[in-house]
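The values are calculated or read from the model by the stated rules, or taken from the named source; none is laboratory data. Predicted, not measured: the structure shown is a model, and the values here were computed from it. Cβ: placed from backbone, ideal geometry, glycine included. Neighbour counts: every protein chain shown.
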Amino acid sequence: METIKNALDFSDFPRFDLIIAGLVFLFLLTFPVFPFSAFAMATIIQFLMFSLYGMGWNTIGGYGGQVDLGKAQYVGIGAYTTAVMLIRWDIPFWVSMPVGVFFAVCWSFIIGYPLFRLKGHYFAIATIATSLVLKDLFEVWGFVGAARGLEISPIKYHPPDFLRLIFKEDAYYYYVLLGFFVLGILYINWFRKSRLGFQLRCIKDNEDVARSLGINVHLAKVKTYAIATAFVSVVGSFHACYIKVIEPEDTMSLNISILIALMAMLGGAGSLWGPIIGAGILIPLKSYLKEWLGATAGLVGIDLVIYAMIIMAISAFEPKGIWGIVQRVRRRKRK
Amino acid sequence: MKSLLKSGVLVLSLLLAIGLILPSGATAEKVIKIGAIYPLTGGAAAAGRELRAGVELAVELANSAVANVDMSMAKNAGITSMGGAKIEIIFKDHEGNPTLGADLAKKLILDDKVDGLLGCYHSSVTKTVSAVAEQYGVPMINGSSTSPALTTRGFKWFWRTTPHDVWFTRDLFEFMNGLTEGKVKGVAAVPKKDIMTLAAACEKTEWGSFVSEVIEQFSKEYGYDLKKSMLYAKEAPDLSSEVRSLKASRADVMLFASYTSDAILMIKTLKAQKAQPKIVWGQDAGFEVPEFRATLGDSVVGILTRTVFLPQVVQVKKVAGQVNALYKAKTGNDLTGASARSFTGLQTWVHVLEKAGSTEPAAIQKAANDLNIPGNELVVPWAGIKFSTTGDEIGQNTLGSGLIGQYQKAADGQIVLEIVYPFDVASADMIYPFPKY
Amino acid sequence: MDILLSSIVAGLLLGMVLAIVALGLTIIFGVMDIVNFAHGEFLMIGMYTGLLTAQATGIDPLLTLPVAAAVGFVLGIICYTGFIRFLLRGPMIAQLLGTFGLMLLLRNLALLIFGSEDRALHHGILVGKSFDIGMGIIIPATKLAAAGLSIAAFGGVWLLMNRTRIGQALTATSLNAQGARYMGIPTQRMNALAWGIGGGTVTIAGALIVNFWSVNPFIGLLFTMIAFAIVALGGFGSVPGAFFAGLVVGIITEIPGFWDFLTYTFNWEWMADVPMTSLKYMWVYLAYFLIMVLRPRGLFGWKQ
């Protein structure tokens, strides 16, 4: 069908990019076969998760141009839905995940309508506010374990359990996540060429012109926001099955929201590869910096200092992120 | 183009390099590796220091033969049943973050290939770390986390030496009942209506929230009126609205479950707002660390705290005095509930390894389940260590017990913790009611 | 009844202190339209400055205010000239990213230098003392002093902005930067000055607050959020707006107190079970959200 053809059509990228992408994909496909440490495996799973978060964020933040700093609440909705349904009613992941998406999207519509009347910083701060409100509510809501959180018991289920997504080895989680990753890329590829994608780009350029062209700006934004939340919620559900312990402070904190936005922006908001590059650089950087430097007593925090300086450097000199640098270099070469 | 290629290659080679270098497993002669995950930084860093020092002292005693300490662990150098194998501790800092704790546990198990785990103080972190241990079948001994839930999960690889909060809270209510019956040393019987109303403020993670529930349960059972029960964030910079809420309830008895920084803040705020309860009680943790006393000075006089070890115990147990002297020489402080229990935790590991004679997980598991350490080996005033293997609770030491201490000013002006419960080992008269601020 | 009164008094006192925290943010925003995520970290630095100066020199904490102000002023100017002005050319995304990076930097530098444990002041003329003005209202002396100094600071800043030439130049730049430039007012210098004043006021707030709140490297974010709420409520860029909005937000944080008042006055036991104290900041965020959606201009603002 048209949609599938569109999703698989990467032809508007230069050949070189596609070769690199192919190589990286090959690496990802075969990664678990190599004798990497558990630490490396955990890092690469994080990379995949944040790439997906970033891709979702990118729809509204990158293509849409509205910086959203409240994505963590949807991670929470996805994670908690899956966890609660599994713990209380033994419902498998593949059912609870769509339910989580449903709740997330509903919530996104509820706050999205008023939210999108705002723009710029006001919007950004409002997204933070809603995320914090939801987190605070979850912290006192007994049904989801309040601040104590929920725990998926490691001994109740028998791994490998594909229905409930409970595995002993990380490799299984890795491949499931890789599957989502590929689907995510295909979806975004379709999205950026779809009608909604074009509408968004038009809105980002000049909202008034877009409106005069007959685009329902508000609706377009709200729809895109819903897509972003769906992405995030799916990964949130996965997170619950992988980490098996979720609590509001951890899963829905502002830090997560900011990291998501940060990685996408750093890699290059508004491009297909941007969030992936951003996650691919920042996650290993963060993990290994912490591992090498952070653990040394007396140097706690230095890893984040370096991290912060990188962020500051990129924001000051190349706000379009790494992908922006790449494009700039290309443009210069073309001349 | 070039930069993309470069960064791509850089990342890939970085990952490859790390991946190939990191998987350790370099083994020398027989060294038993135990991973100890404690809060070495963060709000409970003060406790973390104590915990670490307790473990380090225990390892010293275990690995070499030390005279003057009446403990079988100290008499031997290394684990005799394994040819004198020495114990090596790998310390990791979980910063009070449960997810980080779980990550560290995974790394210790998969990359450092530890034979067992010890830790983690915060019940919320112990919860996640033990889940990881259970998943991989790695034995874990827990010395000081007291949330009751930890031993009701049916885990087969988790053993806890310390008694838990149900016991400790029951102690509190027995104590209050004793107060109404005149059993408390130095205090005439207090009419129940004077201490009828209770208010509780507990930190909101795994530990505190369970304490809160247990308090509610026992209030009903013992017939007290719990007027207000609240949970708060231990990292909150300000607790004045919480304290105001406590005051508003006009409760006679205020109960707390707080870690270090919040315990200090809570008492400071109580003092600032001139709260006037008749009894102030803390569920150990923050109320017990040396910082608490050092920071608040005279304000702590009259505060009761559940504890597991006080310096006064040395009067009853010779071995406690011997170890305490070594600990004081090492750190400058007396043993506290935290350090005494982390010491005991490692000591338990030593006994388990001795009994197992190998680091095979199955052997360790059997040894732990059959373990029976007599009370005179321990610095803590327990009857011994023996883990339950059937029933609702598995892996729980059934021979432990708690104490309730009260901060009092000694003749020389120093602030000391005196035992007020159990009644028969009380070391001083109780100060009642709580002194006016 | 005393519950109600204590809550109101506490809320107002706290509100005045929060107002001065927000003051710096609104000045910076007024002059150059940038939202400073690192605002709370400046506060944290002010707190450490006050604490360490008092501990190192033995002087009373209240006397450390000038030191804190100087540190804040200099830090603000450094941040502007060394970093922020590069952000101004970029899109809003970059500004958010950038100030967020600054926040991480300052927070982790503090972590590196000071360690993660809580520190608090234990000595000082007013520390630990309170006034009991009857009816069960207890006013901690430090909070009263902080509130008083806050009012003084507001008065000072208002005078500065409206009665001095520099202040008028700042106001001109915030109203219309280009127009001000035509009049010979150098924008760059005004921007730097705004950051200096903004930084200075919030570090003063920090040195005041450390008299009754403990400090660790992580407390910045909460204050940043509260400051945003106050500035939004009062109107971005409005100095008197920040003051009144501060009072309002102070009262909002006392909602648990009002709830308790209702609980015990009417003896509705079920109300005691509602965990109001855990939600006290949630009301602030909610208020922010509602204000932004219903009246983005805030109470006194003139910028949209």
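Modelled with pLDDT under 85 and within 14 Å of chain A (Cβ to nearest Cβ): which single residue out of C:40, C:30, C:58 fits that description? Just one listed residue meets the conditions, C:30.
Return yes or no: is residue C:263 at the interface with another protein chain (Cβ under 7 Å from one of its Cβ atoms) and either touching an Asp or Glu at 6+ places or on another chain (Cβ under 6 Å) or free of Cβ contacts under 8 Å to residues at least 12 places away in the same chain (or both)? Here the answer is no, as residue C:263 does not meet what is asked. Taking into account only those residues within region A:201-250 that are without any contact (Cβ under 8 Å) to a residue 24 or more places away in the chain and of a type in the set (A, V, I, L, M, F, W, C), which is nearest to residue A:63 (Cα to Cα)? Applying the filter and picking the extreme gives A:202. Of the helices (runs of 4 or more DSSP H) lying entirely inside region A:218-335, those containing at least 1 residues that are buried (at least 21 other Cβ atoms within 10 Å of the Cβ) and at positive phi are A:254-268, A:321-334.
Right, residue A:198: more than 24 Å from residue A:41 (Cβ to Cβ), within 22 Å of the chain's Cα centre (by Cα) and without any contact (Cβ under 8 Å) to a residue 60 or more places away in the chain or not? Criteria met by residue A:198. Scanning region C:195-241 for residues being more than 14 Å from chain B (Cβ to nearest Cβ) and in a helix (DSSP H, G or I) gives a total of 22.
So in region B:403-421, with the set limited to residues that are outside any strand (DSSP E or B) and either aliphatic (A, V, I, L, M) or assigned by TED's automatic domain parsing to the domain that holds residue B:379 (or both), which one is farthest from residue B:162 (Cα to Cα)? Among those that are outside any strand (DSSP E or B) and either aliphatic (A, V, I, L, M) or assigned by TED's automatic domain parsing to the domain that holds residue B:379 (or both), it is B:411.
Residue count for region B:264-291 satisfying the condition of being assigned to a helix (DSSP H, G or I) and either more than 11 Å from every other protein chain (Cβ to nearest Cβ) or in contact (Cβ under 8 Å) with a residue 60 or more places away in the chain (or both): 9. Across region B:410-426, the number of residues qualifying as surrounded by fewer than 20 Cβ atoms within 10 Å (Cβ to Cβ) and more than 18 Å from residue B:290 (Cβ to Cβ) comes to 5. The set of residues in region B:332-388 being within 24 Å of residue B:138 (Cα to Cα), assigned to a helix (DSSP H, G or I) and of a type in the set (Asp, Glu) consists of B:354, B:370.
Candidates are the residues of region B:222-238 that are more than 14 Å from chain A (Cβ to nearest Cβ) and outside any helix (DSSP H, G or I); the one that is surrounded by the most Cβ atoms within 10 Å (Cβ to Cβ) is B:228. I'd like to check something: does region C:269-276 contain any residue that is of a type in the set (Val, Ile, Thr) and more than 8 Å from every other protein chain (Cβ to nearest Cβ)? Yes: region C:269-276 contains one or more residues that are of a type in the set (Val, Ile, Thr) and more than 8 Å from every other protein chain (Cβ to nearest Cβ). Quick check: is even one residue across region C:48-64 acidic (Asp, Glu) and not in a helix (DSSP H, G or I)? There is at least one residue in region C:48-64 that is acidic (Asp, Glu) and not in a helix (DSSP H, G or I). Contact map, region C:102-115: residues that are more than 7 Å from chain A (Cβ to nearest Cβ) paired with residues that are in a loop (DSSP other than H, G, I, E, B) and surrounded by 22 or more Cβ atoms within 10 Å (Cβ to Cβ), Cβ distance under 6 Å, separation 6+ or inter-chain. Pairs shown: C:103/C:37; C:103/C:38; C:106/C:38; C:107/C:217; C:110/C:217. Among the residues of region C:172-186, is there at least one that is in a helix (DSSP H, G or I), of a type in the set (D, E, K, R), away from every other protein chain (no Cβ under 14 Å) and touching a Ser or Thr at 6+ places or on another chain (Cβ under 6 Å)? Checking region C:172-186: at least one residue is in a helix (DSSP H, G or I), of a type in the set (D, E, K, R), away from every other protein chain (no Cβ under 14 Å) and touching a Ser or Thr at 6+ places or on another chain (Cβ under 6 Å). Of the candidates A:98, A:35, the single residue that is within 11 Å of another protein chain (Cβ to nearest Cβ) and without any contact (Cβ under 8 Å) to a residue 60 or more places away in the chain is A:35.
Within region A:199-217, the residues that satisfy the criterion of being surrounded by 14 or more Cβ atoms within 10 Å (Cβ to Cβ) and part of a helix (DSSP H, G or I) are A:199, A:200, A:201, A:202, A:203, A:204, A:207, A:210, A:211, A:217. Looking at region A:140-162, is at least one residue more than 21 Å from residue A:92 (Cβ to Cβ), surrounded by fewer than 21 Cβ atoms within 10 Å (Cβ to Cβ) and not hydrophobic (A, V, I, L, M, F, W, C)? Yes, region A:140-162 contains at least one residue that is more than 21 Å from residue A:92 (Cβ to Cβ), surrounded by fewer than 21 Cβ atoms within 10 Å (Cβ to Cβ) and not hydrophobic (A, V, I, L, M, F, W, C).
Scanning region B:68-95 for residues that are surrounded by 20 or more Cβ atoms within 10 Å (Cβ to Cβ) and more than 10 Å from chain A (Cβ to nearest Cβ) returns B:71, B:73, B:74, B:78, B:79, B:87, B:94.
In the set B:241, B:219, only one residue is assigned to a helix (DSSP H, G or I) and crowded, with 23+ Cβ neighbours inside 10 Å; that residue is B:241.
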